[in-house]
Amino acid sequence: MRYLPLTPDDRAQMLGVIGAATIDDLFADVPAAARKSETFDLPDHAGELEVERELVGLAALNRAAGAGPFFCGAGAYRHHVPATVDHIIQRSEFLTSYTPYQPEIAQGTLQVLFEFQTQVAALTGLDVANASMYDGSTACAEAVMMARRVTRRKKAILSGGLHPHYAATTQTIAHAEGMDIVRQTVAVDAEAAVVDAIDAETACVVVQTPNVFGVATDVTAIAEAAHKAGALLIVVTTEAVSYGLLKSPGEMGADIAVAEGQSIGNALNFGGPYIGLFACREKLVRQMPGRLCGETVDAEGRRGFVLTLSTREQHIRREKATSNICTNSGLCALAFTIHLTLLGEVGLRQLAAINHAKTRRLAQALGAIAGVEVLTKRFFNEIAVRLPGDAAAMVGGLLDDGVVAGVPFSRLDPHAGLDDVLLCAATEMTLDEDIDAFAQALARRIG
Amino acid sequence: MTMQNVGRPTRPEDVQPLAPAFASLTGGRGLLQDEALIFERDGWTKTGVDLPAADLDGSDLGDLARAAPIGLPGLSEPEAMRHYVRLSQKNHAIDLALYPLGSCTMKHNPRLNEKMARLAGFADLHPMAPLPTVQGALALMDRLSHWLKTLTGMPAVALSPKAGAHGELCGLLAIRAAHEARGDPRRRVLVPTSAHGTNPATAAFVGYSVTEIAQTDDGRVDLADLAAKLGPDVAAIMVTNPNTCGLFERDIIEIARLTHEAGAYFYCDGANFNAIVGRVRPGDLGVDAMHINLHKTFSTPHGGGGPGAGPVVLSEALAPFAPAPWVVHGANGLTLVEEAVEEAAQAFGRMSAFHGQMGMFVRAYAYMRSHGADGLRQVAEDAVLNANYVKARLSGVMTPAFPEGPCMHEALFDDSWLEGTGVTTLDFAKAMIDEGFHPMTMYFPLVVHGAMLIEPTETESKQELDRFCDALVALAQAAKAGDVDRFKGAPYLAPMRRLDETLAARKPRLTWKPESGVAPAPLAAE
């Protein structure tokens, strides 16, 4: 048992110091009925080689995204992560530290968080950002509940272009808190419709750009309509690289911006761990959920950083806290901030431009196939295409051609009546040959 | 200059005798470099990546395209490496020394688990990839579920919650759905005074009002008070077991019985499962729902504040209400139930966008397989043995909050032994930093005055525990001997001295701003 340092002699000596005869004496408070004397029906301990064999075997049953042409997006995107990122996040001092409650011996984590918050505020065009949420979908739900605290109103309007999983998460969590969630009809270009639903009861409007169909929207008019009614505009983004090319939520009038930050620094990981970005206007900061890092000085007057405004948080305020969140996505935030520091503004803009160019090429190639309609006109790196038949069946067929064609919309929302819609994303990882292989295979199967 | 958040003035002049002899020219202290922020290095036009040119431009985006500069600096690769390595050296870490934070279970994080999580078949796997291409991932989730259910003696598990508090939310949402399905919505949740802050916060989040249950003198739930407060409007009781005083709730089976008799559910906060894993099954205690912090008991790294993972095991009564998605065995292999329809019609909804913290599932499963059933039992035994050893060794100089009987995996002390010394729990904890140890959890649980909660975990050797106890005994003696300066100004030898938390909260500076108050120099035109 390689992870356990105590020897039988140690244990005997320690029991002696404690004054206990056997280890069972230390479990004396456990009711007799619940003491399990036999071991569980599970295998006993295994060596590193044995464990590695089993897990390598399981991993080999999966087809990694990098194994061939691959076009899945829909809230998780395949990007290149520089080797430096993964090296740094595996340093013991970052990997094996706790939440920085003792700032004198956690300045590494705290300075990183301060830099991260500043980067996220800059990307979103807002004043302040927190130290991360679990992921984009839970950040979205938290933003809706924050809007309730700010406006003291109960109604939230979710645009029909919001990722269906984000809508479901928000519905589940915010509904429990007593909010009235109005989800608009799912449609490719649904954003403008939210304006008509805003009324004097509305706490917030939630709009995603680029939306789940890849449609990029200028939400300025929506912001104006929301503000006129005393409501907040929450802008959701599931592809953080898009910030490098598109106008920021803050520029368009958002009060709160939330995003999935996985695209920067983090692997696909079959859905987690990811990292929720959360930013807002300065005047709203005391209603924000989650941890915040702030600047201060130490007893010698030197600049340092601490977790601050914790009177919003559960460990101080208990049932009156702004959220119950405790552990967040610290290490994913580290990966995000390292990657973004390596990119810099120059690199992020370039990366975004490459993503957009690849997707223009993809849209051209698919749009040229008879029977295929590209539904997304203004996009960043993802498009929705209408196929002449069931998209899920086509994805299954194209798998035989070695192409993972994308996410059938019906997988995200089987009730939307969009069974013929396929979501396809291209990134800097996509080769032109991948696009050609996809287009040729699709044309062959349709023709 | 006044410092500190809890009213402890520490003026620099008070601590001069122990301050460094001189300030260095660079602001660094030997190998500890003073490191500027990335925004202060004039890297507005720098990048540390080489990317090809884009062959199509963004002209089709029109006025959607970003015009204004973002304000992001860049660093070349060597500069970036040095920046983060320098910062890393200002952190304490479990790989450096004991990290005895009670309730946090800071144990060794095996690197095999990191290696496994990075296999392309797991890390480079898209959550919405076609099901035939993810059979190994689903099999891993299925095996992890089997282990969690077997170890807890519970029939079902929801894997998707992303951390402990998210798991609590999942458990309470299942409880709420179960009450609503019976046409019996209830309003209140009972929480002991010693509970983690997340418990009442979660209950309030779900729309319940919170009623506190008193604690007995021996640190357990007061059964009489519980019985008095249970009633037809109580939806659930949330009890941590072993509790936050580090004690096993002796009457746990009776607590469950009373709760069920009142028509309420028993939510167990599983933060302290490490003390009993492999020896006690929560299912045998009458628990209806319990989250398991994979980042505590099953050793996925804490990463400076996450990511964690908080799967929730559920009883037969609550299982039908579990959130989507989950793995099922189908005719063509494993598949995922992703929608609340048909056999999943009672699912209460969805906790997050995808299937949960897969990266943490791989690590936790590798950890469980490595330990096996026999090893996990030994984990609990050694964790409890180590805590009792610390309690025994320190009881001569410090005052255990509950001296009678054994503790579980945490040793809890109060501050009565510091009375009259002028040294507080906080001062004592900060002095531990000078000795190279991370402080224990302080001022929690709230029910013990000046609480000091020490959780050594099973991955500490006897030698390291002795080093730790020797240091604490010596510090305690110094405090009692009136060596107050050593504590009031501590830490002296850490990368930073005490930080002014009051200033940070009074004038929040949450992002970097240029001294001049203007935006960073715009990029040269592209």
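Quick note: the coordinates plus some simple rules give every number you see, no bench work behind them. Keep in mind that this is a model prediction, so the values were computed, not measured. Here the Cβ is made from the backbone with ideal geometry for all residues, glycine too, and neighbour counts use every protein chain on show.
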Compute the angle between helix A:432-446 and the longest alpha-carbon principal axis of chain A, please, reported from 0 to 90 degrees and rounded to the nearest 10. 60 degrees
For chain A, longest principal axis from Cα atoms; helix A:136-151 axis from its Cα atoms; angle between them, nearest 10 degrees, is 90 degrees
May I ask you to compute the full-extension gain from A:GLN90 to A:ALA193, defined as 0.36 nm times their residue separation minus their alpha-carbon distance, rounded to one decimal in nm? 32.5 nm
Mind scanning B:LYS90/B:LYS430; B:LYS107/B:LYS462; B:LYS430/B:LYS507; B:LYS107/B:LYS296; B:LYS430/B:LYS488 and naming the pairs with a C-alpha gap bigger than 18 Å? B:LYS430/B:LYS507
Rel. contact order, % - alpha carbon contacts under 8 angstrom, at least six apart, chain A: 20 percent
What is the average number of partner chain Cβ atoms found within 10 Å of a Cβ in B:474-485? 0
Give a quick list of chymotrypsin sites (Phe, Trp or Tyr not before Pro) in the range A:260-310 that DSSP marks as loop, anything other than H, G, I, E or B, with at most 11 other Cβ atoms within 10 Å. none
Highest mean packing first, using Cβ neighbours within 10 angstrom, the peptides B:486-499, B:301-314, A:41-54 sort as B:301-314, B:486-499, A:41-54
Hand me the GluC sites (Glu not before Pro) from the range B:375-463 located in a DSSP loop with no more than 13 other Cβ atoms within 10 Å, in residue order please. B:GLU404, B:GLU419
Could you give the distance between the Cα centres of the range B:83-137 and the range B:228-286, to the whole Å? 31 Å
Per-peptide average of other Cβ atoms within 10 Å, ordering B:240-247, A:322-329, B:206-213 highest first: A:322-329, B:240-247, B:206-213
State whether the range B:434-518 is rounded, prolate or oblate according to the following rule on the C-alpha gyration tensor (a ≥ b ≥ c being the square roots of its eigenvalues): a/c under 1.5 gives rounded; otherwise a/b larger than b/c gives prolate, and the remaining case gives oblate. prolate
Relative contact order of chain B, pairs being alpha-carbon contacts under 8 Å that are 6 or more residues apart, as %: 19 percent
Compute the distance in nm between two label points, each set 7 Å from the Cα along the Cα-to-Cβ direction, one at B:LEU37 and one at A:VAL56. 4.6 nm
Residues of the range B:154-179 with amide N under 19 Å of a point placed 7 Å along Cα→Cβ from B:ASP233: B:176-177, B:179
Here, B:GLU404 and B:GLU261, labelled 7 Å along Cα→Cβ, have an inter-label distance in nm of 2.4 nm
Can you tell me the order of A:30-37, B:167-174 when each peptide is scored by its average per-residue count of other Cβ atoms within 10 angstrom, highest first? B:167-174, A:30-37
Rounded, prolate or oblate: pick one for the range B:64-147, where a ≥ b ≥ c are the square roots of the eigenvalues of its C-alpha gyration tensor, a/c under 1.5 means rounded, and failing that, prolate if a/b is larger than b/c, else oblate. oblate
In whole Hz, the Karplus estimates of ³J(HN,Hα) for the range B:310-324 (6.51, -1.76, 1.60; θ = phi - 60°; x where Gly or Pro) are x, x, 10, 8, 10, 7, 3, 5, 9, 3, x, 9, 4, x, 6
Listed residues A:ASP436, A:ASP400, A:ASP25; largest mean-square fluctuation, Gaussian network over chain A with Cα springs below 10 Å, found at A:ASP25
Taking beta carbons within 10 Å but only from partner chains, what does the mean come to for residues B:363-369? 4
Over all residues in B:374-387, what is the mean tally of Cβ atoms on other chains that come within 10 Å of each residue's Cβ? 5
Applying 1/(1 + (r/R0)^6) with R0 = 51 Å to the Cβ-Cβ distance of A:SER37 and B:VAL341, what FRET efficiency is obtained, to the nearest 0.05? 0.70
Residues of the range B:65-102 with backbone N under 16 Å of the label point set 7 Å from the Cα of A:ARG302 along Cα→Cβ are B:86-92
Taking r as the C-beta separation of B:THR193 and B:SER416 and R0 as 25 Å, the FRET efficiency to the nearest 0.05 is 0.85
Separation between the B:LEU493 and B:SER59 pseudo-spin-labels, each 7 Å from Cα along Cα→Cβ, expressed in nm? 6.6 nm
Share antiparallel - DSSP beta bridges, the range A:83-338, percent rounded to 5: 45 percent
Residues of the range A:58-94 with backbone N under 17 Å of the label point set 7 Å from the Cα of A:ASP436 along Cα→Cβ are A:68-70
Computed helical MRE - 222 nm, the protein assembly as shown, DSSP H runs ≥ 4 contributing -39500 (n - 2.57), nearest 500: -10500 deg cm²/dmol
Cα centroids of the range A:160-236 and the range A:399-436: how far apart, whole angstrom? 25 Å
Sort the range A:316-385 into rounded, prolate or oblate with this rule: let a ≥ b ≥ c be the square roots of the eigenvalues of the Cα gyration tensor; rounded if a/c is under 1.5, and if a/c is not under 1.5, prolate when a/b is larger than b/c, oblate otherwise. oblate
Rounded to the nearest 0.05, FRET efficiency between B:HIS329 and B:ARG111 (Cβ-Cβ, R0 35 Å) equals 0.60
If one takes the longest principal axis of the Cα atoms in chain A, at what angle in degrees, from 0 to 90 and to the nearest 10, does the Cα axis of helix A:107-124 lie? 10 degrees
Excluding same-chain pairs closer than 8 in sequence, count the lysine pairs in the range A:83-338 whose Cα atoms lie under 23 Å apart. 10
